[in-house]
Amino acid sequence: MLEAEAEGVPSEEQQHQVGPEDTPPAAPAEGTEERAVESGAAPSAAPEEGTEEQLEEAGEAPVLHTTTAPAEVPTARTEEPAAVPVLDTTGPVEAPNGQTEEPAAKEGGAVPTQHTVSSVESPVDQFKHRKFFVLRPGTLNQALKDVEALVDKEVDGSVHSIWLMAEVDHWNNEKERIVLITDSSLLVCKYDFVMFSVDYIQRIALNFVDRISYGAFSFPKRSLLRRDGEGVRVFWDRLREPSFISRWNPFATDFPFTTFTYHPVRNISDKFAALCDIQSFRDQLKDAAQRSHARKPVPGKANGVLLLNQNILIEAYVGLMSFLGNQNKLGYSMARGNIGF
């Protein structure tokens, strides 16, 4: 009997082994998941569906088999593939198209360059850089050296400050000038920025300066001219008035005053803004004139400088020559283009 029972046990195991082979072909289609787990046939089903290996590793295989497997397997398939592309496309796929700028922005590399490019000079500033010779590299430094070399230490003393301005004559003509304030003199220099040479220097003794007026420009009522902005006028002989011939002579230089205004390149940079600052020039000129009056008083003349805030009158009516000259910047060293004769 024991032998019969021992022989009967393998017969049942053989039934389990032979059963799947003798079953009709429709049986594996319906219960392939349960038999794959019990008999160890999961590797055959895993390559087809790709879900049982992940579920067995996570320990959730019994849960999926107890519930409706066909309904949950698609959900597991849709969730996992949806998560995988998101992780993969963040780096290699989308970065070349639209996300190359974001990492640069986080690192701080591309954003500053974009801001600097957006703050490029306006077309007006670019025009000034191309046309005005004073803005060419090294031109201003060479001009200042040439002008300082002509300062007479015995007469003028040491140089306190240098300014880049535009002189306005009695016919409203603008002319480019370099102005120096020294211990004893106010030097107004006409410098040729093309040939790097000083054409002439006007020397005004500071102990003779008696008035400095600051304000907007004004013209007679019947004048056709207009000028915006502000200026500074320096007087050094209040007892002498310009003659009638000098007023109507556009080339007259015997006026007892001179007028300055802002240079057109003052807004290019901070360096030129400091060189063309009219208010700072007025204050430093007043202090230098006060010291000169105290050091070298003029006999028979009241010492001191009177600072006035009033409009600067230019007695010009038609001013056709000044209109053409100021519009074309004929008083400045500029590139005029290819002009031949």
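When the alpha carbon gyration tensor of the stretch 192-320 is reduced to an equivalent ellipsoid, its three semi-axes come out at 24, 22, 17 angstrom, largest first. Each peptide in 310-320, 186-196 receives the mean, over its residues, of other Cβ atoms within 10 Å, and ordering these scores from highest gives 186-196, 310-320. Rolling a 1.4 angstrom probe over the protein heavy atoms with all chains in place gives the stretch 115-273 an accessible area of 52 Å² per residue.
For the residue pairs LYS145/LYS301; LYS153/LYS190; LYS145/LYS296; LYS175/LYS296; LYS145/LYS271; LYS190/LYS329, the C-alpha atoms sit more than 26 angstrom apart in LYS145/LYS301; LYS145/LYS296; LYS175/LYS296.
Per-atom-type breakdown for the stretch 159-271 gives carbon and sulfur 53% of the accessible area (1.4 Å probe, protein chains only). Put simply, the amide H of VAL209, placed in the peptide plane, has no neighbours under 5 Å, leaving out anything fewer than 5 places away on its chain.
The distance linking the stretch 203-229 with the stretch 133-164 is 25 Å (Cα centroid to Cα centroid, whole angstrom).
Dipole magnitude for the stretch 198-255: computed about the Cα centre from +1 point charges on Lys and Arg Cβ and -1 point charges on Asp and Glu Cβ, it is near 280 debye. Find out how many positive minus negative residues lie around VAL159, taking Lys and Arg as positive, Asp and Glu as negative, among other residues whose Cβ is under 10 Å from that of VAL159. Net local charge, VAL159 excluded: -2.
A protection proxy built from the mean count of other Cβ atoms within 10 Å ranks the segments 249-259, 172-182, 296-306, most packed first, as 172-182, 249-259, 296-306. Here the Debye sum runs over all C-alpha atoms of the stretch 167-212 as equal scatterers in vacuum, and log10 of I(q)/I(0) at q = 0.13, 0.25, 0.30, 0.32 Å⁻¹ comes out as -0.35, -1.00, -1.10, -1.12.
For ASP228 and MET195, the difference between the fully extended length at 0.36 nm per residue and the C-alpha to C-alpha distance is 8.8 nm.
The values are calculated or read from the model by the stated rules, or taken from the named source; none is laboratory data. Treat the numbers as computed from the prediction; the structure is a model and nothing was measured. Using ideal geometry, Cβ is built from the backbone for each residue, glycine included, and neighbour counts are taken over all protein chains shown. Just so you know, the surface numbers come from the protein's heavy atoms only, side chains and all, with ligands and any DNA or RNA stripped out. Shrake-Rupley method; radii C 1.70, N 1.55, O 1.52, S 1.80 Å.
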